[in-house]
Amino acid sequence: MPAWVPRLFWPLLVLVIAFVAYQTRIQHEMVDFEVYRTAAERALDGVQLYRATDGHYQFKYLPAFALLMAPFALVDREAAKVIWFALSAGLLTAFVRWSVRALPERERTESVLIWLTLLFMGKFYAHELILGQTNILLGVLLVGALLAVQVDLPGLAGALIGVAIFVKPYALILLPWLAFSYGTAALSGIVVLTAGLVLPAIFYGWNGNIQLLVDWFRTVTETTGGLVLATDNVSFTAMWGKWLGATPTATALATVTTGAALGLVATVWVRRRLVTNPDYLEFALLLLLIPLFSPQGWDYVLLLGTPAVVCLLDRWQTMSRAWKTTTGIALAVMGLTTFDLMGRDLYMRFMMLSGISVAAIAAAVSLANLRWRSVS
């Protein structure tokens, strides 16, 4: 058998699976992509982006993202969906592979880590593709930034983080980390962010662009409250709200929990001098915490935790029995609890108990434990 045949087998298999999935289900879904494409059409026409009349499917991204999606508004709707799905599927393969290859001093083989990661994170990837969301694109940009740091190009990392902020604003959390770790490298991210905020003025004029930013902020803040207790929300705010109701106490405890999580990140960062390659774990920890920090942290956003899962799976043999148990339960609860396996009633109860949120917290603590023991 020619040597190139095995190398082509898996890409072709993935291509076939993606084609079947798109034809049988995904082409009839992708509701979030429709939101982006509609916003792109409006941006090209220079009309209002943020409209309450859009209901649940309001555009909530920064104005520049609508312009980034403009190419999809220039082709037929169905063709645009096919292109976006193909792009997302391709980016997913890059996201998982880069997450594995970026891990320093790997103890497991690349193929083993890829398959284990797909096992534990597959439900999030599938949900993302069905919705036509942008978190895979965000993950690729951020892991690309990590790779740039690892090859001594922190300025490029800052620029990639700057672009990522327009895909999802919560990527902003990576800029302080870059500033603390690499000083002025974060300035490139600020430059890109500034340019992106000004860019829509080309279509809307200066005053129109300012009004767009005001409308964006109002849309995000006014629509957040009604979604906090949604079943699929895994944020700290949602977790405490589901347990205690929408009360001041729940809000206060969510704030305290956020502060504690940031304290965990700070503790991990302070101990970076004890390991040879500290960037990966710190980056992975921040990505895992993003959906917990965001008031609109949907469960599928946990796909950003892919580098964290890769790290925990790779360092599994270095853990004590207690930490193996903690980590194993956390990964199983986070990634293997699905609607199809549990049934509607049990799954809804599980989500209202914030089981995935607790599991993600446990995974974050397990990551911090690796740094505490100077393993990663």
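Laboratory data are not the source of any read-out in this text; all were calculated from the coordinates shown. None of these values were measured; they are calculated from a predicted model. Note that each Cβ is placed from the backbone with ideal geometry, even for glycine, and that neighbours are counted across all protein chains shown.
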Exercise. Of the peptides 61-72, 36-47, how do they stack up when ordered by the mean number of other Cβ atoms within 10 Å, highest first?
Worked result: 61-72, 36-47
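Hey, what number do you get for the chain at 222 nm if only DSSP H runs of n ≥ 4 count, each worth -39500 (n - 2.57), divided across all residues, to the nearest 500?
Values: 19 runs with 271 residues, N = 376.
So the helix-based figure for the chain works out to -23500 deg cm²/dmol.
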Seminar exercise, completed: Stretched fully, the stretch from VAL358 through ALA70 gains (0.36 nm per residue minus C-alpha distance, one decimal, in nm) 99.8 nm
Exercise. Which shape class, rounded, prolate or oblate, goes with region 228-376 when its Cα gyration tensor gives a ≥ b ≥ c as root eigenvalues, a/c under 1.5 marks rounded, and past that a/b bigger than b/c marks prolate?
Worked result: oblate
Problem set entry | Dipole magnitude of the chain about its Cα centre (Cβ charges: Lys, Arg +1; Asp, Glu -1), debye to nearest 20 | 920 debye
Exercise. Straight-line reach from LYS168: which lysines have a Cα under 24 Å away, not including same-chain ones fewer than 8 places off?
Worked result: LYS60, LYS81, LYS123
Exercise. With a ≥ b ≥ c the root eigenvalues of the C-alpha gyration tensor of the chain, is it rounded (a/c under 1.5), prolate (a/b larger than b/c) or oblate?
Worked result: rounded
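Using a Förster distance of 25 angstrom, determine the FRET efficiency expected from the C-beta separation of PHE217 and THR258, and round it to 0.05.
Numbers: r = 20 Å, r/R0 = 0.80.
So the FRET efficiency works out to roughly 0.80.
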Seminar exercise, completed: Between the alpha carbon centres of region 85-135 and region 178-251 the gap in Å comes to 26 Å
Exercise. So if R0 is 30 Å, what FRET efficiency would ARG273 and LEU244 give, r being the distance between their Cβ atoms, rounded to the nearest 0.05?
Worked result: 0.15
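Starting from the Cα gyration tensor of region 198-294, take the square roots of the eigenvalues, sort them a ≥ b ≥ c, and report rounded, prolate or oblate (rounded when a/c is under 1.5, otherwise prolate if a/b is larger than b/c, else oblate).
Values: a/c = 2.97, a/b = 1.25, b/c = 2.37.
Oblate, because a/c is 1.5 or more while a/b does not exceed b/c.
If we sort 346-355, 188-197 on the protection proxy, mean other Cβ atoms within 10 Å, highest first, what's the order?
Values: 346-355: 15.6, 188-197: 17.9.
Highest to lowest by the protection proxy: 188-197, 346-355.
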